[in-house]
Amino acid sequence: MATNATPVPPFPPGFLWGVSTSAHQIEGAADRRAPSVWDAFTAEPGRVKDGSTAEVACDHYHRYPEDVALLHDLGVDAYRFSVSWPRVDSPGGLDFYDRLVDELCAADVRPVPTLFHWDLPLALQEAGGWLRRDTAGRFAEYAARVAARLGDRVTKWITLNEPAEHTLLGHALGAHAPGGRLLFDALPVAHHQLLAHGLAVRALRAAGAGDIGIANSHGPTWPASQDPADLEAADFYDLLLNRLFADPVLLGRYPEGIVELMPGSPEEVAADLEIIGEPVDWYGINYYAPTRVGAPQGSQIEFGGLTMPAELPFSVREIAGYPVTDFGWPVVPEALTELLVDFRGRYGDRLPPVVITENGCSYEGLDDQDRITYLDGHLRALHRASEQGVDVRGYFVWSLLDNFEWAEGYARRFGLVHVDFGTLERTPKASYHWLRDVLRAQR
């Protein structure tokens, strides 16, 4: 890959530049919190490819001052981290986030907490987890507790991270915690997470919080061909991974044919949708790659090494003709422009300002020129979307640190900063220095 020699185009004044992480992937200090679904999942042999756990991870819990210093040196405006619900449920758990937020504010880095990034307390999972409606109410109570403690310093909030992936990978296909293999019987998980989002928006506002959004994952769905069977399969996939999670939040309704599949009577679902559709101040999009989809072909391998069951009414196909990351994901920056312009066309005035809450790639090495090329291309694609009328207000790179990459263990490195998982030494990569220069030029 070759980086564009011209500077990244300037974004408007007030554009929010940041990086993202999540609690379970970096914090460690597992002895200082209650167990989560991921602790139980990683304890089962064969669940994580390298057999590792996040018991120590990057030890961010103890090393956060060093990591905040890296953020300050990088020159970002904001740091998107997640709050560990199991930690908050433990004695003194919120004290850590108090210290972290104070450290960020002292470094002139805006704290942007995500309240749920897949690490449900194990006790709630054992009581039914996201299959149980009560979990949504418990989440709203937890959100209110966090806001009461941190709301005097936190001015931007995210409710959930990627409920689509948590539903699909964690409950439908069994690739992530809690390991359910429910296929379409996992749809209540989607509904209850969305309900939790709406209830949390109300709870946060009642606690005096504002500037609230959600971080949904989205990407264009490309049909494998113009054959009607492929077009139908691609439309269904797009509905399942994109519209199922965007329509209720932005329009207050499910796509046609979905309401009947959700838990409760149509009247009960309609009442829930009024809560789910509580207006957000901005809409977060995590973007990595498009997906090419066709009619069912039997079992196959999706990018990222995920085996898809044969009984699904679609098949995920290879996207040829593009470079790929070390994870095998195609690098298609122009698909980010396509996604955002299509979102604006689909949702019109119902689409609030957009923030890219995650975008990044897995590559090895300290001289990570491929990551520089990736980020450069996606920033230009984001700028093109802005030029075409999409109201884009921010961009967060995934991720600050190499970390525990869920079922991949420590085999994938998404960080701007290299972490030696033996010594925990941090070493900024070439991409870190490149982004620092980009941010200085944007000021």
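The values are calculated or read from the model by the stated rules, or taken from the named source; none is laboratory data. Being a predicted model, the structure only gives us computed values, none of them experimental. No Cβ is skipped: glycine too gets one built from the backbone with ideal geometry, and neighbour counts run over all protein chains shown. Ligands, DNA and RNA are excluded from the accessible area calculation, which covers all protein heavy atoms including side chains. Shrake-Rupley method; radii C 1.70, N 1.55, O 1.52, S 1.80 Å.
Largest GNM mean-square fluctuation among 217, 82, 265, using the chain with Cα springs under 10 Å: 265. Sites listed here are GluC sites (Glu not before Pro) in segment 32-141 whose DSSP assignment is loop and whose Cβ has at most 16 other Cβ atoms within 10 Å: 55. Projected over all directions and averaged, the alpha-carbon convex hull of the chain occupies 19.5 nm².
Of the GluC sites (Glu not before Pro) found in segment 201-302, the ones in coil according to DSSP and having at most 16 other Cβ atoms within 10 Å of their Cβ are 256.
Once the dipole of segment 87-199 is set up with Lys and Arg at +1 and Asp and Glu at -1 on Cβ about the Cα centre, which of 97, 139, 194 lies farthest towards its positive end? The one lying farthest along the dipole's positive direction is 194. Centre-to-centre separation between the Cα atoms of segment 197-230 and those of segment 37-90: 24 Å.
As a fraction of the 1.4 Å probe accessible area of the chain, surface on carbon and sulfur atoms comes out at 51 percent. Annotation: the antiparallel percentage among DSSP beta bridges lying fully within the chain is about 25. Near residue 286, once Lys and Arg are set to +1 and Asp and Glu to -1 for all other residues with Cβ below 11 Å from its Cβ, the sum equals -2. The modelled label-to-label distance between residue 126 and residue 152, using points 7 Å beyond Cα along the C-beta direction, is 3.6 nm. Ligands, DNA and RNA are left out, and with a 1.4 angstrom probe the accessible area of the chain is 37 Å² per residue.
Per DSSP H run of n ≥ 4, the term is -39500 (n - 2.57); total these for the chain, divide by its residue number, and report the mean residue ellipticity at 222 nm rounded to 500 deg cm²/dmol.
Helix contribution divided over all residues of the chain: -11500 deg cm²/dmol.
If only the Cβ of Lys and Arg carry +1 and only the Cβ of Asp and Glu carry -1, the dipole of segment 269-418 around its Cα centre is close to 300 debye. With K and R counted +1 and D and E -1, the other residues having a Cβ less than 14 Å from that of residue 212 yield a net charge of +2.
Toward the positive end of the charge dipole of the chain, with +1 on the Cβ of Lys and Arg and -1 on the Cβ of Asp and Glu, the farthest Cα among 36, 127, 161 is that of 161.
Once a ≥ b ≥ c are taken as the square roots of the eigenvalues of the Cα gyration tensor of segment 382-443, is the result rounded (a/c under 1.5), prolate (a/b larger than b/c) or oblate (a/b not larger than b/c)?
oblate
Select from 389, 362, 431 the residue farthest towards the positive end of the dipole of segment 293-443; place +1 on Cβ of Lys and Arg, -1 on Cβ of Asp and Glu, and compute about the Cα centre. Going by the Cα projections, it comes out as 389.
Each Lys and Arg adds +1 at its Cβ and each Asp and Glu adds -1 at its Cβ; summed about the Cα centre, the chain shows a dipole of about 760 debye.
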